[in-house]
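A short write-up of the structure that comes next.
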Amino acid sequence: MATIRILSRILSVLSTVTLLWTQSGECNNGRRSGDAVDTDFSGFSVPLEHSFEVDDVPRFHLRGALQLRGGRENSVYLSQNQLSEKDRSTLKDVAAVDGLYRIRVPRVSLQVDRQTERQSEGYLTTFVRACSLVESHLSDVITLHTDVSGYIIGISIVTIPGSCRGIEVEDEVDLEVFNSTISVVAPVTAPAPETAPYIERMEQEMEKKGKNPQEQKSFFAKYWYLILGGAVFLMATSSAQTPPGGAREQS
Amino acid sequence: MAWLVVRLAISVSLLYAASAVFEDQVGKFDWRQQFIGKVRFALFDTHSQASKKLLVATDKNVFASLNSRTGDLFWRHVDKTGPEGHIDALLMYGQDAVVVVGNGRLLRSWETTVGGLKWETVLDTGSFQAAALVGVQDLVKYVAVLKKSAISLHDLSSGSQIWVENLPDSDSVQYQTIYSGGNGVVFVLGVVPNSHIVIVEYKIEDGEIMNKKSVEAVWMSSLESSCAVVSSGILLCVDQITQSLYTLPLQSAEQTEMRQIHLQMLDLEVVSGFRPVLTSTQPNPAQPPLSEFFLQLSPDHHILLQFIDGLIAPLRDFNPSYLAAFATSGERTVAAVMSPKNDTACSINLFSADTGRRHLDTTIIYHMDPNGGKPNRLYVHAFLKKDDSVGYRVMVQTEDLTLTFLQQPGRVVWMREEALADVVTMEMVDLPFTGTQAELEGEFGKKAAIQDGLLPMVLKRLSSQFILLQAWLAHLWKLFYDARKPHSSVKNDVTIDILSRDEFNLQKMMLMVTASGKLFGIDSKSGTILWKQYLENIQPNSVFKLIVQRTTAHFPHPPQCTLLIKNKDTGLGSLYVFNPIFGKKSQISVPALPRPVIQTLLLPVIDQDYAKVLLLIDDQYKVTAFPSTKNVLQQLQDTASSIFFYLVDSSQGKLSGFRLRKDLSTELIWEVVIPTEVQEIVAVKGKRANEHVHSQGRVMGDRSVLYKYLNPNLLAVITESTDTHQERSFVGIFLIDGVTGRIVHEAVQRKARGPVHFVHSENWVVYVYWNSKFRRNEFSVLELFEGAELYNSTVFSSLDRPYAPQVLQQSYIFPAPINTLEATLTEKGITSRHLLVGLPSGNILSLPKMFLDPRRPELVSEQSREENLIPYAPEMPIREEWFINYNQTVSRVRGIYTAPSGLESTCLVVAYGLDIYQTRVFPSKQFDVLKDDYDYILISSVLFGLFFATMISKRLAEVKLLNRAWR
């Protein structure tokens, strides 16, 4: 048993790597973000840190490394360590007292050329209830949100399932390896009023109408009976009124 | 055919939405009050004795004429806001009022009877200094306008410019006043601070400089505040440091020095730290001013002085006196002086200006409102009585912007509360039950039921029933009594005592907080001000937040409101706790707030007195609870782990979430930082706490249900780009969960610019922005859905919603600029929603939410018709009948407040700006109310008819049966 533990500690397996937009992964773990000048497309890595303490005072330590790649299609890999024996028991303890499991990433920009001008100042943090992380057997979904220019502005973590039902997680193996899904989300462009398709549709309607022979009748053709009726009526009324007028004229 | 279907669909949908007021409904459940703002200039029309006109110009850029008998508006002109429409000066001569607008940009002449514009002239650029009427040989013909570097003379009847002259040495000399005594010349007075005065004399005919001289005056810093012209062109100045008066004849060429008269010689002294004020009067611009003038030596000490033959003689000393003013009627000039009488009243007396003798029987007693401010302006309207004695009326303006018009012997003719022209925030509170209703309520109270046995309960029930009967009889008697009286005398006697909740809770108490720090309690049905309270020592740039801590629903406990007053600069706040029904200050001890408050939070946690707990978070993230009884603290400890709050720091673009700890400290749990280099946060809005959503989902055309994403913790964050170039500017919309900090949705509206107005409600956000590319206003709507299945249908928890919602969005063109946006709100949320759009034209548009639905299809299908979706059209219609305020426009509408009523169909709406307008809207028509013109007689006669017909036919049938049986 002890040997297995040592082995697992030594190997430090690269657990789960999820790729959102497929791009050839190039591993350069040790690269500092600052010196990446000529590597526009090879990305850089930032640490993903987590904290779970029974006293709920955050003490962050490394969970894994995020491989970020800017450009038109942002992509991200996560290489992370296994949880140690001690971490596992702490996590269970934190879950038992309904503590929080927090993660944080430094504030960086995905645009590598901006890295030099803006070093990370501060972190973006978020949390999930430790119990839900335990009960989901470390299945979490981490989302990094960027703004229009590629700065990371927020991070969110959810576990699937997200509830805390108080299920006992017996097996140590379930809490060894993170089963993470990680993605980068850029803002979507909100739609503008769609005038062109509407006008097109209107024109089509008009055309259809134009082809319809019934609709093509002229004004007189359509309403000849009304006009005739009106004219007859007018004539009738005017002829009825003329005699007194005429009589007056004569006198 | 498809086109026909589209049109049919549109017209059917319009049938649903049509909501206009019928002609006979005008004024039935709506009212409007018009205001003008803080009066800066007020002139009485002394042209004719019978004139009732009072011309006012205010700090809200309003120029209006009031009826001095009733206080109503004859007419009102609302100019542009800001410095562009600022009224610099108001002069009146005969029927004409001349106004200088926009820092000397425009010169306008108004006809005062109907308020028509006679002429308007655009003046040369330059900042405005002074304006004066100029008369020649007893006739006022011109108006002179002094700018920083030029003087121009305009004809009074046409506005045409007679001449314009540049002022000599205008870059070193500050020209500040004009004086003309009617002798063919205009004097322009300028000062070089702490050096000398410059006097330039212009000839009226052609603007030729007749004379120019400079007089040494080392002590002088400003002409305007310390100098006046008295008698036949004598410049009189006062200086508090040397404690002297200085005189100088303007016309004499030889005198090159001002003559100093020590105030000591007159046995006078200026209170240290007070800037003495000189007030002179020039009844006719074509004649020199009077030789009498007021000198104010301290805030409550005036003295009437006279200048004769180079000597100054005191006529009368008014000590103490708050305010003094001159007024002229015909040939006689009088002075009115307001002096304190006792703690609650002031007396105003009239004195003849030339002798200082008091006119007999001219006292007006002015009762100061104990809940109001001190008087600070006095306007006097003097008139000649039939016996040739002088009568007068006064208008008093107080610190809290109340205008009171008084006549002898102290009768208040009218009152205007001009503080209401600047409402900052408001709330609506239910009215309490009447005594009898409360009695019934008390009967079934918890405590009573436990203590009493069966018999006392029966007795109680009987007695309360008896009280109800009594009340009903009294009500009937009153109805009968009122019916005999003429109709006009019945209405308009709303007082606090008789106020009670009506059957459908349509009448409420409107609490209005104004920028000047005055609170108002207004009856929503009639608009009557039921109470007012002026809070003294409010900084002009304070921010107010009104919180209803306890509603009227908890009977023995009075309702309780808390007003948080926060200084914008220091952030320091204070709490004012009061009873919203009676306006009385509550005796509850208020926590001291030594540190700036950055966030407030009203919790659903209630203390043993049913008051909701208010949490105040200071800049060190410490939490203060109010009320903070033991019970509350215990409850807070128990629920601490589920109390989350967020903070916004727009200067750093930071949104952060905190959680309460058991010891009432806080911990940071999430952080979102939006870089300020790219965009800045302009607004953050959650949902309204009192909002109910009736239906969890929407039924689709195929009978499946699309469930709404109803996250009560969702925040809508709006950002604007720092880059304002029309191609690159954008508006950002972030939907962030306030508990977990999860960004639920993030969208960017390209080529868009603020100001952004938005409403966040139910599962949707509607926002309006300016499209900088097409130069038009556009509406956009976001709707969030969970999908065809609910994750957890029983309870919503932000901590347990792993799947992101589906977001649908659509945009529309709105063919008008807008001022403000709000959504209707009803009791249970069953009624369809409308958006209330305040337009700059003063109209309030009630726009059905149906038109703002991202599911409006491009092409009509069977399913979309089934769902009643209107086919997509890029332009939003504006229909006249959707204006809920028909012709009762609300000037400069700044906010709309909506409140639910007891009727599900009805939503109460208050629009405020310069005016206040209250009405009711029925977004789905009055489905739960019988119509006004419902034919009761017909229906009852039909009913009775049928009833008797059945009776008779039954009888006949019986007879027939009997007969048949015999056969």
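The values are calculated or read from the model by the stated rules, or taken from the named source; none is laboratory data. These figures come from a predicted structure and were not determined experimentally. FYI the Cβ positions are ideal-geometry reconstructions off the backbone, even for glycines, and counts take in every protein chain you see. Areas reflect the complete protein model, heavy atoms only, side chains present, ligands, DNA and RNA absent. Shrake-Rupley method; radii C 1.70, N 1.55, O 1.52, S 1.80 Å.
Across the stretch B:737-746, coupling constants 3J(HN,Hα) worked out from phi with the 6.51/-1.76/1.60 Karplus curve, θ = phi - 60°, read 6, x, 8, 9, x, 6, 7, 6, 8, 9 Hz, and Gly and Pro carry x. For the stretch B:731-774, the relative contact order comes to 32 percent (Cα pairs under 8 Å, sequence separation of at least 6).
Were the residues from residue B:936 through residue B:277 laid out at 0.36 nm apart, the gain over their Cα-Cα distance would be 230.1 nm. Scanning residues 5 or more positions from residue B:598 or on other chains, those with amide H under 5 Å from its amide H are B:617, B:618, B:619, with H placed 1.01 Å from N in the peptide plane.
Apply the membrane-span-like helix rule to chain B: whole DSSP H runs, Cα extent along the own long axis of at least 18 Å, mean Kyte-Doolittle hydropathy at least 1.6. List the helices found.
Numbers: long enough: B:2-17 (22 Å, 1.84); B:454-484 (46 Å, 0.61); B:936-966 (45 Å, 1.00).
Qualifying helices, which must be both long enough and hydrophobic enough, are B:2-17.
In the stretch B:797-827, comparing the full protein assembly with the chain on its own, the residues that lose 30 Å² or more of accessible surface at a 1.4 Å probe are B:799, B:800, B:802, B:803, B:809, B:811.
Enter the mean number of other protein chain beta carbons within 10 Å of the beta carbon of each residue in B:739-748, as an integer.
Numbers: counts 1, 7, 8, 9, 10, 2, 4, 10, 5, 7.
Whole-number average of other-chain Cβ neighbours for B:739-748 is 6.
Basic side chains Lys and Arg get +1 at the Cβ, acidic Asp and Glu get -1 at the Cβ, and with that the dipole of chain B about its Cα centre reaches some 3040 debye.
Between beta-carbons, use under 10 Å as the cut-off and find the net charge around residue B:573, counting Lys and Arg +1, Asp and Glu -1. Could you put the intermediate results ahead of the total?
Numbers: positive: B:545, B:566, B:595; negative: B:618.
Computed value for this residue: +2.
Charge dipole (Cα centre; +1 on Lys/Arg Cβ, -1 on Asp/Glu Cβ; no other charges) of the protein assembly as shown amounts to roughly 3180 debye.
Need one number: buried accessible surface between chains A and B, 1.4 Å probe, both sides summed, DNA, RNA and ligands left out, in Å² to 100.
On the way: alone 16040 and 46530 Å², together 58720 Å².
Adding both sides of the contact gives about 3900 Å².
Residues of the stretch A:123-144 that bury at least 30 Å² of accessible area once all protein chains are present, compared with their chain alone (1.4 Å probe, heavy atoms only, ligands and nucleic acids left out), are A:125, A:127, A:129.
Give me the accessible area per residue for the protein assembly as shown, probe 1.4 Å, as a whole number in Å². Show your work: numbers first, answer last.
On the way: 58720 Å² over 1218 residues.
Roughly 48 Å² per residue, with all protein chains present.
Take each residue of peptide A:182-192, count the partner chain Cβ atoms within 10 Å of its Cβ, and average: the result is 6.
Report the net charge of residues surrounding residue B:897, where surrounding means a beta-carbon distance below 9 angstrom and charges are Lys +1, Arg +1, Asp -1, Glu -1.
Values: positive: none; negative: B:427, B:822.
For residues surrounding residue B:897, the net value is -2.
Take each residue in A:156-165, count the other chain C-beta atoms within 10 Å of its C-beta, and the mean is 5. Note on the protein assembly as shown: dipole from Cβ charges, positive end direction compared against B:136, B:876, B:199; the farthest Cα belongs to B:876.
Backbone phi angles across the stretch B:137-143, fed through the Karplus curve with coefficients 6.51, -1.76 and 1.60 (θ = phi - 60°), yield HN-Hα couplings of 6, 6, 10, 8, 10, 10, 10 Hz in residue order; Gly and Pro are listed as x. Under 5 Å between amide hydrogens, built in the peptide plane, is the criterion, and for residue B:174 it picks out B:191, B:192 among residues at least 5 positions away or on other chains.
Would you calculate, for chain B, the mean residue ellipticity at 222 nm contributed by helices, counting each DSSP H stretch of 4 or more residues as -39,500 (n - 2.57) and dividing by all residues, to the nearest 500?
Details: 8 runs with 112 residues, N = 967.
That comes out to -3500 deg cm²/dmol.
Note on the stretch B:743-811: dipole from Cβ charges, positive end direction compared against B:780, B:793, B:755; the farthest Cα belongs to B:755. Positive contributions from Lys and Arg (+1) and negative ones from Asp and Glu (-1), summed over other residues with Cβ under 10 Å from the Cβ of residue B:98, come out at +1.
Over the protein assembly as shown, what percent of the accessible surface lies on carbon and sulfur atoms, probe 1.4 Å? Provide the component values of the computation, followed by the final result.
Working: 32070 of 58720 Å².
Answer for the protein assembly as shown is 55 percent, counting heavy atoms of protein chains only.
Over chain B, what is the relative contact order in percent, taking alpha-carbon pairs closer than 8 angstrom and at least six residues apart? It comes to 7 percent, rounded to a whole number.
Considering Cα pairs under 8 angstrom that are at least six residues apart, work out the relative contact order of the stretch A:44-185 and quote it in whole percent.
23 percent.
Determine the shape class of the stretch B:36-146: with a ≥ b ≥ c the square roots of the Cα gyration tensor eigenvalues, call it rounded for a/c under 1.5, and otherwise prolate if a/b is greater than b/c, oblate otherwise. Here the stretch B:36-146 falls in the oblate category.
By its C-alpha gyration tensor, with a ≥ b ≥ c as the square roots of the eigenvalues, how is the protein assembly as shown shaped: rounded for a/c under 1.5, else prolate for a/b larger than b/c, else oblate? Cα axes put the protein assembly as shown in the prolate bin.
Residues whose amide H comes within less than 5 Å of that of residue B:277, counting only those at least five positions distant or on another chain, are B:296 (H built at 1.01 Å from N in the peptide plane). Between the residues A:169, A:149, A:105, the greatest Cα displacement towards the positive end of the dipole of the stretch A:44-185, with unit charges on the Cβ of Lys, Arg, Asp and Glu, is found for A:149. Among the cysteines of chain B, those whose beta-carbon sits 4.7 Å or more from every other cysteine beta-carbon are B:346, B:561, B:907.
Over 19 Å apart at the Cα level, from the set B:118/B:203; B:118/B:141; B:53/B:374; B:38/B:532, are B:118/B:203; B:53/B:374.
Shape of the stretch B:492-622 from its Cα gyration tensor (a ≥ b ≥ c, root eigenvalues): rounded if a/c is under 1.5, otherwise prolate when a/b > b/c, or oblate? Before the final figure, lay out each step's value.
Values: a/c = 2.48, a/b = 1.47, b/c = 1.69.
Oblate shape, in that a/c is at least 1.5 and b/c is the bigger or equal ratio.
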